[in-house]
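Coordinate-derived values only; no laboratory data. Just so you know, these numbers come straight off a predicted model, no measurement behind them. Using ideal geometry, Cβ is built from the backbone for each residue, glycine included, and neighbour counts are taken over all protein chains shown.
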Amino acid sequence: MIGGYRVIRRVASGGFGVVYQAVGTDDQQVAIKEYLPASLATREPGALLPQVQPEKLSLYRLGLKSFFEEGRSLAQIAHPSVVSVLNFFRENDTVYMVMNYLEGASLQDFILVARDIKQAKIFRESTIRSLFDEILRGLRIVHQHKMLHLDIKPANIFITDDNKSVLIDFGAAREVLSKEGNFVRPMYTPGFAAPEMYRRDATMGPWTDIYAIGACIYACMQGYPPVEAPHRQSGDKMLAAIKRLKGIYSDDLIEVVEWCMALDPLTRPQSVFALQKELNQGGARRYTKLSLGEKMRMQLGTMVDGSRKNVFKATNPGQK
């Protein structure tokens with residue numbers, strides 16, 4: 001039992017915590033996320049209290065405070081595209097966040113299955129636009145509450161069995177810990193993290209989450225994550241890769257991805273509203289008409305890209 005909830009099973013564990021499936025007193029199914037950063041705390045099998053080394057205690061408490069504040073902020077947001085926080089409480093020298101339990105699969109799961117089918121299009125353009133329209137509606141509310149997600153990626157976009165798209169697993173505690181002390185565990189997901197997340201002195205903002213949205217759309221088009229931001233600084237292969245999708249996806253959608261994933265934060269959309277406006281533009285979409293030679297070169301490029309290993313599994317550091 002945790003805080004009056006009966007734990008049924010452990011669903012997942014990662015670098016920053018553990019997620020359980022549990023049942024409340026009213027028999028409601030919930031998910032409980034426990035703050036337990038692997039690099040700061042350990043726990044013996046069967047024990048309730050985490051063990052924290054004295055030299056790591058201040059950092060552990062800093063992350064704990066941030067995790068608690070994240071629960072408090074999320075509890076104020078009521079939107080179908082943002083995970084619902086039903087309760088949050090301190091117990092066993094840590095913090096627990098109680099959320100609604102979702103049935104379904106992550107966008108990452110769908111991308112991997114769709115990619116294995118080996119079609120020219122991983123997802124139809126209409127599907128991509130509809131999916132991200134939902135996600136952006138939720139993200140806009142998050143930003144209006146002066147919060148950032150900071151870890152948007154296909155694994156953190158959940159598609160429920162009743163066809164709702166939900167943002168899960170916010171990264172506030174992760175971000176706070178990355179700015180303090182010698183905390184060496186990676187705080188970002190390669191390919192989806194904006195360039196400014198790699199620099200301690202950089203300013204985060206809505207544009208940081210918008211970069212990740214662009215990277216997720218890219219993954220839905222290509223079937224694998226874009227190149228890591230630092231690698232793009234010296235010879236940007238990502239732009240060449242997305243240009244090979246001309247004629248398959250509209251020029252408009254490709255331009256949206258390039259806009260979101262600009263290396264300079266100031267040249268990206270500065271608000272979710274600006275991105276929504278562009279993504280939802282009506283009217284006829286522009287498609288580049290390819291010559292036979294361009295189609296052949298594009299096909300060769302796709303074959304090379306398709307030979308890559310399953311890099312999605314390696315883009316979630318610290319998670320099992």
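Quick notes
- Rounded to the nearest 20 debye, the dipole size of the stretch 24-163 about its Cα centre is 640 debye, using +1 on the Cβ of Lys and Arg and -1 on the Cβ of Asp and Glu.
- Whole-Hz Karplus values for the stretch 67-80 come out as 4, 5, 5, 4, x, 4, 5, 5, 5, 8, 9, 10, 8, x Hz, taken residue by residue from phi with 6.51 cos²θ - 1.76 cosθ + 1.60 and θ = phi - 60°; glycine and proline positions read x.
- The Kirkwood hydrodynamic radius of the stretch 6-100, based on inverse pair distances between different Cα atoms, is 14.0 Å.
- Computed from backbone phi, the HN-Hα couplings of the stretch 27-37 come to 6, 6, 6, 9, 10, 10, 9, 10, 6, 7, x Hz, rounded to whole numbers (Karplus: 6.51 cos²θ - 1.76 cosθ + 1.60, θ = phi - 60°; Gly and Pro given as x).
- Spin-label model distance (nm) - A38 vs I117, 7 Å beyond Cα toward Cβ: 3.3
- Peptide ranges 53-63, 1-11, 219-229, 205-215 listed from the most packed, as the mean C-beta count within 10 angstrom indicates: 205-215, 219-229, 53-63, 1-11
- Residues of type aspartates and glutamates that K65 reaches as a straight line, Cα spacing below 20 Å, ignoring anything fewer than 8 places off in the same chain: E34, E55, E91, D93, D151, D169, E175, E180
- Cross-link check: pairs K33/K237; K146/K243; K164/K277; K56/K237; K146/K246; K164/K237 evaluated at a Cα-Cα cut-off of 29 Å; pairs beyond the cut-off: K33/K237; K146/K243; K56/K237; K146/K246; K164/K237.
- At 0.692 mPa s and 37 °C, Stokes diffusion of the stretch 78-119 via Kirkwood alpha-carbon radius, µm² per second: 247
- Q53/N87 FRET efficiency (R0 22 Å; Cβ-Cβ; nearest 0.05): 0.15
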